[in-house]
Amino acid sequence: MSGAPDLLDLKLVFVTGKGGVGKTTVAAGLAQLAAEQGKRVLVCETDAKGDVTALFEAPPTDFTPREIAPGIWSMSMDTEASLREYLKLQLRIPVVGRIGPLAKAFDFVATAAPGVREILTVGKFAWEVKERHYDLVVVDAPASGHIVGQLAAPQAINDLVKVGLIRSQTEWMLEILSDQRQTGLVAVCTPEEMPVNETLELVTRVREETTVRMSAVVVNRVLPELFSQRDEEIFEQMREPATEQVLSERAGGAVTPVLDAARLAVTLRRTRSTHLQRLQAGLPEGLPVLLLPYLFARSFGARTTRQVARALGEELGL
Amino acid sequence: MTAQAPARARTVAQLLAAKDIVIACGPGGVGKTTTAAALAATAAVEQGGRVLVLTVDPARRLADALGLKGIGNDEVRIPDDAFGPAAARPRGELWAAMLDTKQSWDDLIRAHAPDPQTREQILANPLYQNISGRFVQSHDYIAMERLYEIHSEGKYDLIVVDTPPTRNALDFLDAPQRMADFFSSRLLRWLIVPYRSRLVNMASRPFYQVADRILGTQFLADISEFFILFQSMYSGFVERAEAVTRLLSDRRTTFMIVSTLEATPVREAEFFSAELTARKLHLGAIVLNKVLPEYLRDAKTDKLAQSMEARAAELADGLTEDPAVAERVIGEVAQSFLNFGVVARREAEQQAELSGAPDVLVTVPFFDADIYDMAGLLKLGALVWD
């Protein structure tokens, strides 16, 4: 498996993927791995569901970053808070009572001016990179259907707005986003039909519509290979009714469900491996594909996050 | 339209027989599109009438199965022949349409613009092109708008809607109201005023100072032009958005949450279920896909598997032609059962938490292969049906 030794050397990593494939798990695992390597990491949630912090068994965070595990800070994106910070730091317009309709104005501008919401989100992450507050910023980004719009927003605004402060702001953002040594995108998928299709489409769209580079594809929930070919022959012998009967008698109970479960595991694994092959065949050469095993876990928390970090580290050759 | 409340449906078949619109919603990646298509196809076969599935972004093979290839916004009839390989003859008609966001927006403008000149100006406005084509929130609104449009034409007995993958699963519910609020907003009027009268009043001056510095005068002027044009359609839009909102809460409309029992989708499904209840919207069914078989949770078998793992060598002795391999296989088989058992129990607990809310809760097992033809859709539909 080819590694991606530069993934952890980036400053800003967006983690995306079709809903439900485990992109938050991967974002948390990546943050954990980087922190274990001694980096100061900021992990950002973009949809305020508190999923990232739950994976570190910490309470949800808001817009102000808080250390949730050694070396790991977390924040939750809030576009209105981002606007306030932006006005204060960048334009030196303090948010005071005098500008009463700010909140409404924000709603208005965000709805009217396409991409304002997106740019306040992406801009905040780029700002953290520019200010070097952290060694690595990991973004649990919107699902793959939306990430392209978000990453393309600075360019879109740049095209639309010819003058004004926004224009100069988008320029430094674009510089950071387009810098392959600083910024990368990680697509997460599972070895299933739709996630694989969407990942292949995403890779094309990212190349055509944004200036951001794809850094890796992470395939999550890869099932273990249960049997070798010889194992399977012997397994089939056990499934002969007479043999199965003997086995049940010796074991002291009906083994049929146990053998059925193995058949199910093998079937699931096989269906998935064809999709995995299709993914690997369809990706551009040189783009690292990292495989994460299916976790047979009771629940998801700090322990599974460390397991994911370890698996990612192994795949990256660390 | 009876006076007393109808009895709660006990099966999806009963639910669909009593409703005009089924909105399939829930997290992404759980088979929402496939489930919506399967239900529409099954309804056409079993219940008859004209059934439409309004889908957003079907997998190509699914689109092929529905005969949707290369079609846009217009509804197309799925030929009866498409049901042939599945040995089913539909009693009714199955229709399908794929949502084309840009096309739908353009149609909406054409319908509401007061005159051809305004219409052309809006269609050519760069901001309009961005909003309608590129930015995601507009998809949510247009999906519901399109549903309203089709429903009011009255051509279908049942419409099954597959909702767009949203940033927030609820965006599409709020979209019509947001659109109405937006067009009624005072800020909109403020923004338009100076470009009409060149007079900035006291109330709007601070807003202008901020907006001008951030966005630049030209961009602000572009926005204003766009909204001056849009204002000509103001009342039409607001009325329309309100009508769409009413349709969602109409008793003929029901919601169906599709999910799997994986941790993240379940949390989203729970959230969605709570929100639907809070908004007094009807949660007709929850469909859980890819559910592991029940036998994995059986306590006796779990014990058996533990003992098989411990006694693999003894059990394998003389059982097959190769005792060494048999020992390994028994160990692996037992281990695998125990692993999947952990997942199955976790998922069962999550299923129990979901079961109170809807009229009907259906579980669908893992399929051996992906669904990409009519036979597969009908097989899935039959599992959900009753």
Failed item in (1) modelled with pLDDT of 90 or more; (2) over 18 Å from A:Arg272 (Cβ atoms); (3) buried (at least 18 other Cβ atoms within 10 Å of the Cβ), with B:Leu361 passing the rest: (3)
Quick one: B:Ser355 ticks every box in (1) crowded, with 17+ Cβ neighbours inside 10 Å; (2) more than 8 Å from chain A (Cβ to nearest Cβ); (3) of a type in the set (Ser, Thr, Tyr) bar one, so which box is it? (1)
Quickly run through the range B:335-375 and pick out the residues that are assigned to a loop (DSSP other than H, G, I, E, B) and over 25 Å from B:Ala82 (Cβ atoms). B:Ser355, B:Gly356, B:Ala357, B:Pro358, B:Asp359, B:Phe366
Is it the case that some residue within the range A:42-53 is within 14 Å of chain B (Cβ to nearest Cβ) and at pLDDT 95 or above? no
Flagged pairs (Cβ under 8 angstrom, 6 or more apart or on separate chains; first in the range A:171-197, more than 14 Å from every other protein chain (Cβ to nearest Cβ); second small (Gly, Ala, Ser) and part of a helix (DSSP H, G or I)) are A:Trp172/A:Ala126; A:Met173/A:Gly123; A:Met173/A:Ala126; A:Ile176/A:Ala126; A:Leu177/A:Ala126
For A:Thr204, work out the one condition from (1) hydroxyl-bearing (Ser, Thr, Tyr); (2) in contact (Cβ under 8 Å) with a residue 24 or more places away in the chain; (3) part of a helix (DSSP H, G or I) it doesn't fulfil. (2)
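For the range A:211-318, please list each of the helices (runs of 4 or more DSSP H) lying entirely inside it that holds at least 1 residues being more than 11 Å from chain B (Cβ to nearest Cβ) and crowded, with 17+ Cβ neighbours inside 10 Å.
So the answer is A:256-282, A:302-315.
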If the Cβ limit is 8 Å and pairs must be 6+ apart or interchain, which residue in the range B:107-131 that is surrounded by fewer than 16 Cβ atoms within 10 Å (Cβ to Cβ) pairs with which residue that is among the basic types (Lys, Arg)? B:Arg110/B:Arg119
So B:Ile71 clears everything in (1) modelled with pLDDT under 90; (2) surrounded by fewer than 21 Cβ atoms within 10 Å (Cβ to Cβ); (3) in a helix (DSSP H, G or I) except one condition, right? Which one? (3)
List every residue pair whose Cβ atoms lie under 7 Å apart, where the two residues are 6 or more positions apart in sequence or sit on different chains, the first residue falls within the range A:23-45 and is under 22 Å from A:Leu120 (Cα atoms), and the second residue, located anywhere, is in a loop (DSSP other than H, G, I, E, B) and among the charged types (D, E, K, R). A:Val41/A:Asp135
Within the range A:162-179, can one find any residue that is surrounded by fewer than 22 Cβ atoms within 10 Å (Cβ to Cβ), modelled with pLDDT of 85 or more and in a loop (DSSP other than H, G, I, E, B)? yes
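Condition first: closer than 20 Å to A:Asn197 by Cα and assigned to a loop (DSSP other than H, G, I, E, B). Now tell me which residues in the range B:27-58 satisfy that. Give the derivation first.
Initially, the range B:27-58 is screened for residues closer than 20 Å to A:Asn197 by Cα, giving B:27-37, B:55-58.
Scanning the range B:27-58 gives B:Pro27, B:Gly28, B:Gly29, B:Val30, B:Gly31, B:Val56, B:Asp57, B:Pro58.
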Could you please find all residues in the range B:291-328 being more than 43 Å from the chain's Cα centre (by Cα), of a type in the set (A, V, I, L, M), facing chain A (nearest Cβ under 8 Å) and assigned to a helix (DSSP H, G or I)? B:Met308, B:Leu315, B:Val325, B:Ala326
Hey, can you tell me all the residues within the range A:59-81 that are under 15 Å from A:Thr25 (Cβ atoms) and without any contact (Cβ under 8 Å) to a residue 40 or more places away in the chain? A:Ser74
Cβ-Cβ under 6 Å pairs, at least 6 apart or on other chains, the range B:363-385 side under 21 Å from B:Val343 (Cβ atoms), far side surrounded by fewer than 16 Cβ atoms within 10 Å (Cβ to Cβ): B:Asp368/A:Thr267
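The values are calculated or read from the model by the stated rules, or taken from the named source; none is laboratory data. Because the structure is predicted, anything quoted here is derived from the model rather than measured. Heads up, the Cβs are rebuilt from the backbone with ideal geometry, glycines too, and the neighbour counts pull from every protein chain shown.
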